[in-house]
Amino acid sequence: NCSPKETGKTEQTEEVSKFAHPPLVSHMFTADPSAHVFEGKIYIYPSHDVETAVTQDDMGSHFDMRDYHVFSMEKPGSEVIDHGPVLKLEDIPWASRQLWAPDAAQKDENYYLYFPAKDKNDIFRIGVAVSDNPAGPFKAEPNYIQGTFSMDPAVFEDGDGSHYLYFGGILGGQLQWFEDQQLVEGRKGPTDGLPAAENPALMPYVAKLQDNMLELAERPKEVIILDQDGNPIKAGDNNRRFFEAAWVHQHNGTYYLSYSTGDTHFIAYATGDNPYGPFTYQGNLLNPVEGWTNHHSIVQFEGKWYLFYHDTEISGKTPLRNIKMTELIHENDGKIKTVDPMK
Ligand code: FUB
């Protein structure tokens, strides 16, 4: 890749990008893309990253998002439409700050936006907002979903029409501050309550949603991720243990739980035979992206599977991300071909 100066030529040469896929949105910063097919189109529900005066810390306070936009595309490769702000922090009665990674679901004539935010006590909870249109606007329920804690909600619709809410994330996600699903007094720092390296890692949680999609139908259960020997992945196994960004999809009768390994920056996946797990670790489906966080979703559209993810190609800064997509290949043996986000 030579510049005109080096070659002595004057004509413009095109920079060769080191990134494997282009940003989908470049007029604003977007991250944590949760994609779904609604009404025959691809809808994307991402976080809306913004510049902030809040100082960076180990709890992720600098991820200071204040609203959500919804995007749609007719099909992969077509124009990405920004449907504008669909839910704002000031319109969520129980929330105080940090609108992190959302997800959406549909039931009957309504669409539901599930989102994490810190409550008035600065504890992450998961809220829900409702619309009759996948492009919003969404109206928040007056309170967060009772029984939820931590962040990164993802809703999976099983073949029988049941919806399952997955959630949780460690460090900035505060999962380590809860024991038996209760907040432990005095835990304040990012590592307070983390298990010792030789103990089982903290796992995401799942609960079936009520028919009204606004409440949990049961007490959340831990989603256990096992190694190939049938033992829970250990807290010190940073290359494989759950950190945040749980996502579930089903392919050929197998349930796939994928998630970010956080400080080792992979999107790993594990397989099981039902939505509750246990799931057995299989490998990585996405290698580290540029930027610290890695967060994705997986959706099927017209017979092909797509991975949505983000990196920091546009800004070069971790809290100012841009969403991307690419095809995802399930191999004949059920494994997923690892995507490399860099060329
Ligand atoms: O966008 C804020 C947080 O960063 C998300 O909730 C995490 O999954 C990570 O992507």
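The values are calculated or read from the model by the stated rules, or taken from the named source; none is laboratory data. If you're wondering where the values come from, they're calculated on a predicted model, not measured in any experiment. When we count neighbours, we look across all protein chains shown, and the Cβ atoms used for this are built from the backbone with ideal geometry, even at glycine. Each accessible area value is taken on the protein alone, full model and side chains, heavy atoms only, with ligands, DNA and RNA left out. Shrake-Rupley method; radii C 1.70, N 1.55, O 1.52, S 1.80 Å.
See the values below:
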item: Gyration tensor verdict on region 47-169 (Cα atoms; rounded if a/c is under 1.5, prolate if a/b is larger than b/c, oblate otherwise); result: oblate
item: DSSP-loop GluC sites (Glu not before Pro) across region 67-116, with at most 15 other Cβ within 10 angstrom; result: Glu74, Glu79, Glu109
item: Computed over the chain: relative contact order in percent, which uses C-alpha pairs under 8 Å that are six or more apart; result: 15
item: Accessible area per residue in Å² at 1.4 Å probe, computed on the chain; result: 43
item: Cα gyration tensor shape for region 125-198, rounded if a/c is under 1.5, else prolate or oblate; result: prolate
item: Pairs beyond 24 Å (Cα-Cα), from Lys18/Lys324; Lys304/Lys324; Lys41/Lys335; Lys18/Lys317; Lys304/Lys343; Lys120/Lys324; result: Lys41/Lys335; Lys120/Lys324
item: Mean residue ellipticity (222 nm) of the chain, computed from DSSP H runs ≥ 4 via -39,500 (n - 2.57), nearest 500; result: 0 deg cm²/dmol
item: Heavy-atom accessible surface of the chain: percent carbon and sulfur, 1.4 Å; result: 46
